[in-house]
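Notes to accompany the following structure.
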Amino acid sequence: MLKQKKITSEEDIELLKSHIENSSKGTKTFRYFEKRDFSVLQKHKITFLYFNNDECVGYGHLDTEEDNVWLGVIVFDGHNGMGYGKYIVKSLTNCYDGDILLSVDKDNSIALKIYKSLSFKIIKETEKLYIMKKSKKIKALVTGINGQDGSYLAELLINKNYEVWGTVKRNSVSETQSSRIENLRDNGLINLEYADLTDMASLISILSKVQPDEVYNLAAQSHVRVSFDQPIYTANVTGVGTLNLLEAVRMVSPHSKIYQASSSEMFGNTIDEDGYQRETTPMNPVSPYGCAKVFSYNICRNYRNAYGMKIWNGILFNHESPRRGTNFVTNKVVKAAVRISLGLQEKLHIGNLDASRDWGHAKDYVVAMWLMLQSEKPNDYVCATGVSHTVRDLCEYTFSKLGLDYKDYIVIDKKHFRPEELENLKGDSSKLKNDLGWVQEYTFETMLDEMINYWLKYYGK
């Protein structure tokens, strides 16, 4: 796709003006572009500009079957009518938030080639013309975009041609704040704004500015053990923060679809008779984090029912990757095992080896997030692999892949135990798979292999 130029300076405006101000109807048309007020074009039924060899000679309305969509249509005569016309199309693509339709002369092979490169598709063919259409970019806002899930989700959305915005919470060490998304930020693929779930004004500000089609609420204090040390902070961010976001969306961006990152920690030690947890399993959380997530889950359901808001709850079980924070048990174990194998560390201090979790890969799970917001009816979905492993299994597999026996290096440390333990999590994703067609790509073993290889490469081996 060709790089598109936005109308951002007085020089750009003058260039536009020089092309069309001599046209009897062009001056009037130009005023709408100068103000970037395409609603005026819609109001006056101006749905196309007519060019002949780069000169704007008129505008009018093209009858189509799509009466509910404003069509930015540009009609060309001759083979030379591509310079300014192409510039207008690029400007429309960036400045106008609707679909754009082009009417291209069948003899104009240059125009056809260029607009195909701009991702226009032929949707209708007449005797003399091709009707080509390009739909607007979907805008997504991701809270906590700099986290593990946020970074993978951002990459997924960019690959699907989204316009991606993200919120980050300011901290004093900016270098560590965006390490997972540096390549996206440096290449101009995402737009970042400071915001905090506890600061409703910042949420209102970015929602007003972006008017996103989709909102993915991934920001949280997400460490379960830390939630016992900071229960009030966890409740404010992970619980009340979600309410702040819902209110902000309801006030200034009510059209937005919302994905809420719910958690398997909400179930606590409640398990159905068949050994699984699913959407209907009672929720009895055993941590401040789990309690905060239950509040968020329920307030989302309440706002969905009370206000008709389009909100999906994704009840995701544990999901890991090389981007997982090293204070989480999976990456803590993998990193330590690699360091021990290289002589850089002697022991690994760890907590409950018998805790059992359903671990999947974050890459798979962000696909589930996206699929939920593409469905028509808001709902709640469990996302899990359906297979659980203990922390002991995790240690045994990881150390053995490096030719080590984990028993020689593990130190059980009581400070890593939770005040109230969650013994076993195993999820049933049947509803997600049947309704939305979600497919899991990674296994527990291939996920760990990827994490091991990452740390071996990181340490130069």
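Considering only segment 289-298, state which residues are in contact with a helix residue (DSSP H, G or I) (Cβ under 7 Å, 6 or more places away or on another chain) and buried (at least 19 other Cβ atoms within 10 Å of the Cβ).
Step one: filter segment 289-298 for residues in contact with a helix residue (DSSP H, G or I) (Cβ under 7 Å, 6 or more places away or on another chain), giving 289-290, 292-297.
Answer for segment 289-298, where residues must be in contact with a helix residue (DSSP H, G or I) (Cβ under 7 Å, 6 or more places away or on another chain) and buried (at least 19 other Cβ atoms within 10 Å of the Cβ): Tyr289, Gly290, Ala292, Lys293, Val294, Ser296, Tyr297.
Scan segment 382-409 residue by residue and report those that are polar (S, T, N, Q) and assigned to a helix (DSSP H, G or I).
Going through segment 382-409, the residues polar (S, T, N, Q) turn out to be 385, 388, 390, 398, 400.
Result: Thr398, Ser400.
Any idea which of Val249, Val237, Val215 is modelled with pLDDT of 95 or more, touching a Ser or Thr at 6+ places or on another chain (Cβ under 7 Å) and outside any helix (DSSP H, G or I)? Write out each step before concluding.
Working: Val249 fails: outside any helix (DSSP H, G or I); Val237 fails: outside any helix (DSSP H, G or I).
Testing whether each residue is modelled with pLDDT of 95 or more, touching a Ser or Thr at 6+ places or on another chain (Cβ under 7 Å) and outside any helix (DSSP H, G or I) leaves just Val215.
In segment 356-381, how many residues are outside any helix (DSSP H, G or I) and either in contact (Cβ under 8 Å) with a residue 24 or more places away in the chain or touching a Pro at 6+ places or on another chain (Cβ under 8 Å) (or both)?
First, the residues of segment 356-381 that are outside any helix (DSSP H, G or I): 356-361, 375-381.
Pick out the ones that are also either in contact (Cβ under 8 Å) with a residue 24 or more places away in the chain or touching a Pro at 6+ places or on another chain (Cβ under 8 Å) (or both) and you get 356-361, 375, 378-381.
Counting residues in segment 356-381 that are outside any helix (DSSP H, G or I) and either in contact (Cβ under 8 Å) with a residue 24 or more places away in the chain or touching a Pro at 6+ places or on another chain (Cβ under 8 Å) (or both) gives 11.
Given Ala201, Ala195, which one is of a type in the set (A, V, I, L, M, F, W, C) and buried (at least 23 other Cβ atoms within 10 Å of the Cβ)?
It is Ala195.
Within the bounds of segment 310-320, is there any residue that is at pLDDT below 95, part of a loop (DSSP other than H, G, I, E, B) and out of contact with any Ser or Thr (no Cβ under 8 Å at 6 or more places or on another chain)?
No.
Under 19 Å from Val224 (Cβ atoms), of a type in the set (Ser, Thr, Tyr) and under 22 Å from the mean Cα position of the chain (by Cα): is that true of Ser287 in this structure?
no
Could you say which residue among Leu402, Leu425 is among the aliphatic types (A, V, I, L, M) and farther than 30 Å from Cys291 by Cα?
Residue meeting the stated conditions: Leu402.
Of the residues that sit in segment 342-358 and are at pLDDT below 95 and touching a Leu at 6+ places or on another chain (Cβ under 8 Å), which one is nearest to Lys431 (Cα to Cα)?
My answer is Arg357.
Among the residues of segment 263-280, is there at least one that is under 28 Å from Ser388 (Cα atoms), assigned to a helix (DSSP H, G or I), free of Cβ contacts under 8 Å to residues at least 24 places away in the same chain and not acidic (Asp, Glu)?
Filtering segment 263-280 for residues under 28 Å from Ser388 (Cα atoms) gives 263-280.
Filter again for assigned to a helix (DSSP H, G or I), leaving 264-266.
Okay, now just the ones that are also free of Cβ contacts under 8 Å to residues at least 24 places away in the same chain, so none.
Taking every residue of segment 263-280 in turn, none turns out to be under 28 Å from Ser388 (Cα atoms), assigned to a helix (DSSP H, G or I), free of Cβ contacts under 8 Å to residues at least 24 places away in the same chain and not acidic (Asp, Glu).
The values are calculated or read from the model by the stated rules, or taken from the named source; none is laboratory data. It should be emphasised that the depicted structure is a prediction, and the values quoted were computed from it without experimental measurement. We place every Cβ from the backbone using ideal geometry, glycine too, and count neighbours over all the protein chains shown.
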